[in-house]
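In what follows, a structure is listed as structure tokens, so that the remarks can point back to it.
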Amino acid sequence: MSALPRPPARRAALSPRHWVSEALFDFWASRVNPLWTQRRARARLVGREGASTDAVTLVLRPNRHFRGVAPGQHLMLGVEVDGRRLSRSYSPTVLEDGCLAITVKAVAGGRVSQHLVQHARVGDVVELGQAFGEMTLSATPGTRVLLLAAGSGVTPMRALVRQLDAAGMPVQVDLVYWAQQRGALCFAEEFAAIAARYPGFRVHLALTRDPAAPTARVGEYDFSVLGDLSAAHAMVCGPGGFVDAARARLHGQVAVLQTEAFTPPVLPDSETGTVQVELRRSGRTLELPRGTSLLQALEAEGLRPASGCRMGICNTCVCGKASGVTRHTLTGEYAAEPATQVKLCVNSASTDLILEL
Amino acid sequence: MSAVQNRVLSTAELEAFGNELDALRARHLETLGASDARYIRRVVAGVRWTGVAGRALLFLGAFVHSVLIPAWIAGVVLLALSKILENMELAHNVIHGQYDWMGDPQLQGSTYEWDIVGTADNWRKTHNFRHHTYTNVRGLDDDIGYGLLRIFPEQRWRPFYLTQPVVAVVFALLFEWGIAIQDLRLGRWFAGKITFRQLLAQARPVGRKMGKQMFKDYLLFPALAGPFFLPVLLGNVVANLIRNVWTYVVIFCGHFTADAETFPKECVRDESRGHWYLRQLRGSSNIAGGKVMNLMTGNLSHQIEHHFFPDVPANRYAAIAVEVREICTRYGQHYNTGSMPRQFGQVMWRILRHAFPSRPRRVRPLVAATQNA
């Protein structure tokens, strides 16, 4: 499996990037083939099929600038919707031919997932970010692996299961997969087929709203049926509430516990109190007040981010926001879109933020 | 000098004026979408295709001597057009962050670099911040005469200004170089406030950029024509000159017409949003014209709208202008617009007139006397 990240392409003296600007190169090269860029990772959609009642699996062929992804990792997928490039993270499975399979569940009100499920067509080109995430298995994954997934949290688990399958299932693996109903399950047949081949791989489907026999949520789930978990390497992926409950249940019960939560941004109840603001470039996390412009709040902490007019017109203080909700101090409008730009002087933090500062 | 009568606004009126403009801005930001993205991408394509066509025609003329003159002229025009479009409708607007909302990394205001000898980094500071925040405020906005010309009687007269009818012409021809060194503020070196070594250190980034531009336009492309380098070299020189003069004319029309005002520093102390808007209006002037004029001036034909909303995509200014005019009429504020010959005629008159000693006009208050008290 060509899954492990490979180093970036070496800079050759004859490389076009020494001679022409990236924008110029990309403009002309993409006239010929939209995948030809100087350094931006992009992918073409080469296949799509339904994965469940409300999910599709998209097969993407990345260009040479994509540096690979390990099973269990995530990447940002960017599409243009109504003139705006919107990015969301997805966990792909690497197929034999190097393509990436990404399963997307249509989320109500989710602009990217709705676009991908309803409008993405074979031939479309999307932007890719490089892979990230720590939820990966080493070549020797101990004696036991426990995978807990809810909803689309199953996607990194599928990649991990395929990795273990390719390695001949070297350890006992239990996958517990929560969904509301059978129709919402993805990869159920694939998991069943793998389970049929290995007695050491067990799949436990937990359908919380199954009309015949509903299963308990993770908080009340009976883990004793899985046997002794004290040596297990546990991995959990799903919505924030699910991950929190799983963490509470498994804390101290397993050898290693890794979690990955995805939660759609939620607007705060009030604009008072403080939030955690992570400054990714300087590697600091600060506790900043809500309701005060980020620029003032950062300056009060002794930082001096670039700034100019302090009234939102000159764009000097503009800064990348990886995630979180900000609020415009003049209009009161909220901005929840991840991977966008924010002007520090006229926006305050409403939720925890990650800034490229 | 001017017969313009602006109504003096009360504090409440000023606030309402600002609120109406804020609301206008919000209405347009809300509706940004695919058509605005398509517009700026079409401008990018226009810049690229005219640039390639212009350079190709220069080579054609250089190698096929029977069509030298027509191909050379067409090549120069297209190359100049490409540079004008890039500098004005694309770079200037993108660098303001007008298209940041698209999330396209190649159209981001904080990183875009343009086809001109000055660096975008200097421009972000001198233009986006200083000029746009302190528009026409004496001592804060270096764009008032660029430290070289006396445009307003409020600037202190010195004998040097007698040369400005000539200096202004040279400045127009070399405008991109003037812009490039604006942030170095050479005056500080002349005055002995910084050493030559310090000046050199500050000049390094812009020096590198100048070298790059010169290499591309005056070495690389001419060299590609081999023995016929001369027409290509001359074509690049002339295209850059045309771009320089055109941008100079457009930019000077923006703040130096007869009715444009300058302001004292005290004006910006604890300035309200409404007051800031009013100052932008009084210090700016538009150029009347149609779609072609808007495109060729990078929509600085809507200088007033641009100064109200420097980070709103410029392709919206024409629609915004209709509403701005209506608001100005209701608040009894003069909306300074006119044809390019009329506006630039006024600019030329200012350059000639204020080369000689002149007396400041009577100070007209921006707002009712209690406002700044």
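Below are the figures for this structure:
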{"quantity": "Filter result for B:PHE152 (more than 29 Å from B:CYS267 (Cβ to Cβ) and either of a type outside the set (D, E, K, R) or surrounded by 17 or more Cβ atoms within 10 Å (Cβ to Cβ) (or both))", "calculated": "no"}
{"quantity": "Qualifying residue in segment A:332-344 (condition: over 23 Å from A:ARG88 (Cα atoms), of a type outside the set (Phe, Trp, Tyr) and either away from chain B (no Cβ under 14 Å) or surrounded by fewer than 15 Cβ atoms within 10 Å (Cβ to Cβ) (or both))", "calculated": "yes"}
{"quantity": "Those strands (runs of 3 or more DSSP E) lying entirely in segment A:276-342 with at least 3 residues under 18 Å from B:GLN108 (Cβ atoms)", "calculated": "A:318-323"}
{"quantity": "Residues (crowded, with 16+ Cβ neighbours inside 10 Å, assigned to a helix (DSSP H, G or I) and out of contact with any helix residue (DSSP H, G or I) (no Cβ under 7 Å at 6 or more places or on another chain)) located in segment A:192-222", "calculated": "A:ALA195"}
{"quantity": "Qualifying positions in segment B:84-113 - at the interface with another protein chain (Cβ under 7 Å from one of its Cβ atoms) and part of a helix (DSSP H, G or I)", "calculated": "B:ASP100, B:TRP101, B:MET102, B:GLN106"}
{"quantity": "Odd one out for B:ILE116, checked against (1) of a type outside the set (S, T, N, Q); (2) under 19 Å from B:ASN87 (Cα atoms); (3) away from chain A (no Cβ under 14 Å)", "calculated": "(3)"}
{"quantity": "Any hit, segment B:52-68, residues being at the interface with chain A (Cβ under 9 Å from one of its Cβ atoms), within 26 Å of the chain's Cα centre (by Cα) and at pLDDT 95 or above", "calculated": "yes"}
{"quantity": "Enumeration of residues in segment B:44-59 that are under 19 Å from B:PRO227 (Cβ atoms) and surrounded by fewer than 17 Cβ atoms within 10 Å (Cβ to Cβ)", "calculated": "B:ALA56"}
{"quantity": "Options A:ALA234, A:ALA255, A:ALA297; residue that is within 16 Å of A:ILE354 (Cα to Cα) and surrounded by 14 or more Cβ atoms within 10 Å (Cβ to Cβ)", "calculated": "A:ALA297"}
{"quantity": "Residue in segment B:94-104 that is modelled with pLDDT of 95 or more and in contact with a His (Cβ under 7 Å, 6 or more places away or on another chain) present", "calculated": "no"}
{"quantity": "Long-range neighbours under 8 Å by Cβ, at least six apart or interchain, first residue on the phi > 0 side of the Ramachandran plot within segment A:273-302, second surrounded by 17 or more Cβ atoms within 10 Å (Cβ to Cβ) and hydroxyl-bearing (Ser, Thr, Tyr)", "calculated": "A:GLY291/A:SER348"}
{"quantity": "Pick from segment A:311-322, criterion surrounded by 18 or more Cβ atoms within 10 Å (Cβ to Cβ) and not hydrophobic (A, V, I, L, M, F, W, C), ranking: farthest from B:PHE308 (Cα to Cα)", "calculated": "A:LYS321"}
{"quantity": "B:ALA26 more than 10 Å from chain A (Cβ to nearest Cβ) and either among the aliphatic types (A, V, I, L, M) or part of a helix (DSSP H, G or I) (or both)", "calculated": "no"}
{"quantity": "Given (1) over 26 Å from A:VAL266 (Cα atoms); (2) modelled with pLDDT under 95, number of the condition A:GLY110 does not satisfy", "calculated": "(1)"}
{"quantity": "Condition check for A:VAL59: modelled with pLDDT of 95 or more, hydrophobic (A, V, I, L, M, F, W, C) and under 30 Å from A:ARG162 (Cα atoms)", "calculated": "yes"}
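The values are calculated or read from the model by the stated rules, or taken from the named source; none is laboratory data. As the structure is a prediction and not an experimental result, all values here were calculated from the model. Backbone-built Cβ (ideal geometry, glycine too); neighbour counts: all protein chains shown.
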